[in-house]
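In what follows, a structure is listed as structure tokens, so that the remarks can point back to it.
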Amino acid sequence: MSKRNGAASATRNQMIAALDIGTSKVTCIIAQLVPNGQLRVVGIGRRDMRGMARGSVVNMDTARDSIANTVHIAENMTGETVKSVIVSVNCGRPKSEIVSFEAPIANGEVGPADIRRVLQRGRRIENELDRALIHSIPVGFRLDEARGIRDPRGLFGETLGAEVHTVTAEAGPVRSLAACVRDCHLEIDRFVIAPYAAGLATLVEDEWTLGATVIDMGAGVTGVAVFADGEIVHADTVPIGGEQVTRDLAHGLSTPIEQAELLKIRYGSALTQPSDDRSIIEIPAIGADEHVPSHPAPKSLLTGIIRPRIEETLELVRSRLQETPYLARAGRRIVLSGGACQLKGLPQLASTIFDSKVRIGRAIPFDGLAETAMGQAYTTCTGLLRFAAENRANADGIGSALGTFVAAQADNRSRFGRFGGWMKEHFR
Ligand SMILES: Nc1ncnc2c1ncn2[C@@H]1O[C@H](COP(=O)(O)OP(=O)(O)OP(=O)(O)O)[C@@H](O)[C@H]1O
Ligand SMILES: [Mg+2]
């Protein structure tokens, strides 16, 4: 039995609660981690979100009410009280960096304590930068002058160095989010960047191997996560989402926001069709009642408003990825997620802009996950469950994480094992 399976069997029927606090809706899914390491959904709550803008809490009271109500719905389905949650983060302009740390080796031979010491140096950046450290994933070790060491245990030297991929976010918005969740009498197991979770929910084996970029298009934020060699290597966000498209339509068509949302979902498209000029739709006027008739407009008017905003968003994503070393490799395969990626014609437009293969992501199913919860708007929440399950199955610290890597040489069925179990996170 591999180490990974052994650890999983020790976590008998643990409960995991995932909380995705989006700009437009909040979702809580409660799952059991059953003895074979699989997840089984036992409760789900979903409510419209109030008190958020572009992924950040802007009204504590209303945000707290939305979250508490959602968790209660999920709790009522299971009959269990949720004490702690794993929570998505889309606020504070998440930023990826590769950071180097080093520490002297205590007795000349590298042991788990030396590895832990060097990795814990990463915690300091929180205080130094006034940014919250969300993820900290080692990508390679150095021993004195020798670089590119994957497993330094048992080697001898004076100084151990580590290259760590850190994802940080501005501390203020993250603290507000944390305070809001804690106000609901919930402890926070940990935070996970939203597009990372979306990738965990949707990516298939080949995408983990060859590299892929997840673009998570929500209501207020478009999140980006780049994956290569089985791990996240880059995270970013662009503060534009589907809500902006709706506002553009409301403004451009002089129609109420609710009507603009309906028109977008029913007739909206990111691609122009030759028939759009001849296809006439009715646009309800602001303040319309039976005395103020709606006015007709060609569908091309909608597309003409929607397309530039989508182009702007995707071009911004592309130009920020161009500043990283990853576009050439992981930009060849794009997986779209989030409710806003359901706009008609969006995959085709994304494919043109990135000159890549683009597919719509869908949560890889697990026990009890209803069809609706596998849709694009729920990938972040299901990905949070996967993150928690993977981390609990390997929860005994650095020794386990490195051990998983070593065991993985023999167990090439495990995604984390095969492509970098040792890259599991160690700090929190
Ligand atoms: N069929 C559809 N076509 C176009 N847009 C859609 C469709 N269905 C939902 N949307 C849009 O998806 C957005 C909501 O997506 P989602 O639920 O993923 O956002 P969120 O998680 O609440 O927000 P964020 O992640 O940005 O904080 C809304 O702007 C909505 O208009
Ligand atoms: Mg979201």
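For the reader, a short list of remarks on this structure follows.
- Beyond 19 Å in Cα-Cα separation lie the following of the pairs LYS264/LYS344; LYS25/LYS344; LYS95/LYS344: LYS25/LYS344; LYS95/LYS344.
- With DNA, RNA and ligands ignored, accessible area of GLU80 (1.4 Å probe; Å², nearest 10): 80 Å²
- Full-stretch length increase - ILE360, GLU145 - with 0.36 nm per residue and alpha-carbon distance subtracted: 72.9 nm
- Highest to lowest packing among 147-155, 184-192, 52-60, scored as the average C-beta count within 10 Å: 52-60, 184-192, 147-155
- Full-extension gain in nm, GLU205 to GLU282, via 0.36 nm per residue minus C-alpha separation: 23.2 nm
- Here's the picture: charge each Lys and Arg Cβ at +1 and each Asp and Glu Cβ at -1 in the stretch 95-169, and of SER100, VAL110, PRO138 the one pushed furthest to the positive end of that dipole is PRO138.
- Cα-projected label distance for SER275 with GLN14, points at 7 Å along beta-carbon direction, nm: 5.3 nm
- Under the convention that each Lys and Arg Cβ holds +1 and each Asp and Glu Cβ holds -1, the size of the dipole of the stretch 205-363 around its Cα centre is about 380 debye.
- Mean-square fluctuations from a GNM of the chain, with a 10 angstrom spring cutoff on Cα atoms, peak among PRO365, PRO347, PRO94 at PRO365.
- Those residues of the stretch 151-167 whose amide nitrogen sits under 12 Å from the label point placed on ARG121, 7 Å along Cα→Cβ: 159-164
- For the chain, the relative contact order comes to 18 percent (Cα pairs under 8 Å, sequence separation of at least 6).
- Per the Debye formula on identical point scatterers at the alpha carbon atoms of the chain, with no solvent, log10 I(q)/I(0) at q = 0.11, 0.13, 0.15 Å⁻¹ is -0.85, -1.15, -1.45.
- Distances between placed amide hydrogens fall under 5 Å for GLY140 paired with GLU163, all partners being 5 or more residues away or on another chain.
- Nearest-0.05 FRET efficiency for HIS251 and ALA179, computed from C-beta distance (R0 41 Å): 0.75
- For the stretch 95-169: relative contact order, % (alpha-carbon pairs under 8 angstrom, 6 or more apart): 47 percent
- Surface composition of the chain: carbon and sulfur atoms hold 49% of the protein heavy-atom accessible area at a 1.4 Å probe.
- Candidates PRO274, PRO308, PRO284, ranked by Gaussian network fluctuation over the chain, Cα under 10 Å, top entry: PRO274
- Spacing of the two label points (7 Å from each Cα toward its C-beta) at LYS83 and ASP229, in nm: 3.9 nm
- Debye, to nearest 20: dipole size of the stretch 95-169, +1 on Lys, Arg Cβ, -1 on Asp, Glu Cβ: 240 debye
- Take every Cα pair under 8 Å whose residues are at least 6 apart in sequence, average their separation, divide by the length of the stretch 163-256, and the relative contact order is 19 percent.
- If the segment from HIS295 to HIS72 were pulled out straight at 0.36 nm per residue, it would be longer than the present Cα-Cα gap by 75.9 nm.
- In the chain, a dipole from Cβ-located charges (positive for Lys and Arg, negative for Asp and Glu) runs towards its positive end, and of GLY383, CYS341, ILE364 it is ILE364 whose Cα lies farthest in that direction.
- Residue among THR27, THR168, THR272 with the largest mean-square fluctuation in a Gaussian network model of the chain, springs linking Cα atoms under 10 Å: THR272
- Put a plus charge on the Cβ of each Lys and Arg, a minus charge on the Cβ of each Asp and Glu, and nothing anywhere else: the dipole of the chain about its Cα centre is then about 640 debye.
The values are calculated or read from the model by the stated rules, or taken from the named source; none is laboratory data. All of these numbers come straight from a predicted model, not from anything done at the bench. FYI the Cβ positions are ideal-geometry reconstructions off the backbone, even for glycines, and counts take in every protein chain you see. Note: areas computed on protein heavy atoms with side chains; ligands, DNA, RNA excluded. Shrake-Rupley method; radii C 1.70, N 1.55, O 1.52, S 1.80 Å.
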